[in-house]
Amino acid sequence: MPLAAVQVTLVVLLSAMAHLDTAVVLTSVARLVAEAASLEDVVSRLARVLSDAIPYERMHVLRLDRADSVVLYTARASGELEVVGHRLADRDLAAGPAFDSDASSVMICPLRQASRVPGALWFTSSRPGAFEDEHHALMDAVADLIALAVHHEHLRSTEAVRRERLDTLDRLLQTMAEALDLRQVFTEISDVIRVALPHDILAMTAWGEGGRTFRVYAMAGERIDDPTFWQPVTLSDRDRALLNPDSYVVHDIAAELPADSVRTRMFQRVGAKSALRVPMPLGNDLFGSLFFLARECDRFTEDDVDFARRTADHLALALSHQRLAEALRRDTEARETAARLEAQVATLARELEARSGARRVIGSSRPWKDALAQAARVAHTETTVLLTGESGTGKEVVARFIHHGSPRSRGPFIAINCAALPDHLLESELFGHERGAFTGAVAAKPGRIEQANGGVLFLDEVGEMSPAVQAKVLRVIEQREFLRLGGTRLMHADIRVIAATNRNLKDAIARGEFREDLYYRLGVFEIALPPLRERPEDILELADAFLVEIGETVGRPPAGIVRDARDQLLAYHWPGNVRELRNAIERAVILADGGAIRGEHLPFASPVQPQKPADATVGPLPAGGVNLEDIERSLVVRALTQARHNKTRAAKLLGLTRAQLYSRIEKYGLAESES
């Protein structure tokens, strides 16, 4: 056969094989589009399918999520996938997709669904000229199939939004059920709604005098301390003409609304650039409006209006219940007076017991004396004090010491452990509640803040408070006023606040777990209490004091503490600090049964060598590096084992919240036997 004929035959065969390979690839793509459970699965599997057919390094799929946001899926040939969401306001996507910075070759194709363009598909490579015509042809065919997957993802996303909004309305009812005054939980209401309808500020306005006045009734997301902002504003005839009783969306406030209107002035005051408004019906009347505000343009669409209306209807229902409850509160005024008198009697009884705490300020070491010197300096002032230090270092003892030396010493000292109660019970315990505020609230009850009137409120473990409770405590400290749960009458708090924590609040602020403004209000005067291992000269003095105190409560007090037991007390590390020392002495007193306390009576397994805090700088790291995730996993397993799988105790051992511990259990796939 002539050479030219052989060459022609080879070209025909190669062309046929190429068409066959393309058909196989497209068949595989069609199958995975039909079978994959999500677009993420489609993109990951597609990357592996196309890795032999197209010489790319990264494959990108861009999907329009909503009118104001996109989702970018980036995959490598191995199927490794990264998914990132962007708001259109965050990036200039109009200039085109974000190509890899090191890409020399780019091949791009829009995804089309009927007349819509719901996204784009593109490939990148660091090698110049990597893509040829057959690659473009294959990508065009693949893009049509991927457009179907993107459309299916859009349908799933739409259904997910619908379900999420229904769930949000259910959670909204639960949130409003916790208080009869919407303003009391308006920040929580905004947080619940934000999941389904993102916004920066939520504001409720009220009309008065037949629509002739206008005022801001409640607001979340922006704090305005100017009292004139909250006062009713008389509307001019022009403003009244501009008021729209129907729902509407404002995409650009500066461009669409008159600059001198009452609405525009309110929006500008809070920095809003776009808005969604729905009316607030109340019976046959119109109470006012509910505004969803954003600090960038084009945040809301007409698709959001229906959910916003449903939200307003729920809030209006709560408002009607609030009005009915006001009559009931007037009928319970006499019971409230009786409950207050009963609480004062109980407070006085607790105060008689609390006075003895001032005598337990024991220790002569320099760190302890320095801490007490700071406490003595601040005692005679009204300054808020924050006591920090490990658990068991004597924070409540120092708090009582400050109270004992203050002008409020004749007033009550009311302590509450913020970590000992769930959020809803902590709120009730702090602020009190009205009758019917929640299930089981059969009578009005004053809270610890009222009981501390004229004295000191000690907030122990303040770092364990939820953000919602933190916001209310901040208002008490700043404004000296609060509302009972289910109440509408402002009550004044004549109290001094002393707080204590064993957590690093600055780290908690960085993690978003503690309010920065509350930290600076509490930490006006911070006193760090030293751990017992840093004041060893106080150990035996404290042990002897506990021996006398506990010995008075048993039938046969011990004769004393022998030398070997004293040596063990001095050598031990005391991770539980003074509290652990007292427990150890109490146990030893019982075991000694009237004799001298010896080493075997102490709760130490063997003679203990002084322990030192772990120092990451001691010893070189291995040349091959360390796996931090393996270290963290082993620590989680150890904490769970030590705590006997009690999640609360294990979380405290690790310095985590329960939610953070559960996240790590799930992250490392710990089985129930391990967790």
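The length gained on full extension between Ser69 and Asp423, counted as 0.36 nm times the residue separation minus their Cα-Cα distance, comes to 124.0 nm. Carbon-plus-sulfur accessible fraction, the range 403-507 (probe radius 1.4 Å, protein heavy atoms only): 48%. Count Lys and Arg as plus one, Asp and Glu as minus one, and take only other residues whose Cβ is under 12 Å from that of Asn417; the net charge is then -3. Taking Cβ atoms as reference points and 13 Å as the exclusive limit, the residues near Ser78 contribute a net charge of 0, counting Lys and Arg as +1 and Asp and Glu as -1.
Only Cα sites of the range 356-514 enter the Debye sum here, all with the same form factor; the resulting log10 I(q)/I(0) across q = 0.11, 0.12, 0.18 1/Å is -0.46, -0.54, -1.14, listed in q order. Is the range 463-519 rounded, prolate or oblate when judged by the Cα gyration tensor, a ≥ b ≥ c being the square roots of its eigenvalues, rounded requiring a/c under 1.5 and prolate requiring a/b larger than b/c? Prolate shape, in that a/c is at least 1.5 and a/b is the bigger ratio. Approximating the spin labels as points 7 Å out from Cα along Cα→Cβ, the Ser126-to-Leu148 distance works out to 3.6 nm.
Working from label points 7 Å from Cα in the Cα-to-Cβ sense, the Glu600 to His321 distance is 6.5 nm.
Restricting attention to the range 408-566, close to 25% of DSSP beta bridges with both partner residues there are antiparallel.
Exposure check, 1.4 Å probe, all protein chains in place: Arg309 carries approximately 120 Å² of accessible surface. Taken per residue, the accessible surface of the range 456-567 reaches 43 Å², heavy atoms only and a 1.4 Å probe.
Near Asn502, once Lys and Arg are set to +1 and Asp and Glu to -1 for all other residues with Cβ below 13 Å from its Cβ, the sum equals -2. Solvent-accessible surface of protein heavy atoms, probed at 1.4 angstrom with all chains present, puts Met204, Met219 in the order Met219, Met204, largest first. Computed with every protein chain present, the accessible area of Ile108 is close to 80 Å² [probe 1.4 Å]. Per-residue surface analysis assigns Tyr519 an accessible area of about 20 Å², computed on protein heavy atoms at 1.4 Å probe radius.
Accessible area per residue (1.4 Å probe, heavy atoms of protein chains only) ranks Cys297, Cys418 as Cys297, Cys418, with the largest value leading. Solvent-accessible surface of the range 102-158, taken per residue with a 1.4 Å probe and all protein chains present: 49 Å².
Between Arg658 and Ala376, the modelled labels are 4.3 nm apart [label points 7 Å from Cα along Cα→Cβ].
The values are calculated or read from the model by the stated rules, or taken from the named source; none is laboratory data. Everything numeric here is computed off the predicted structure, so don't read it as measured data. Note that each Cβ is placed from the backbone with ideal geometry, even for glycine, and that neighbours are counted across all protein chains shown. Side chains are part of the model used for accessible areas, which takes the heavy atoms of the whole protein and leaves out ligands, DNA and RNA. Shrake-Rupley method; radii C 1.70, N 1.55, O 1.52, S 1.80 Å.
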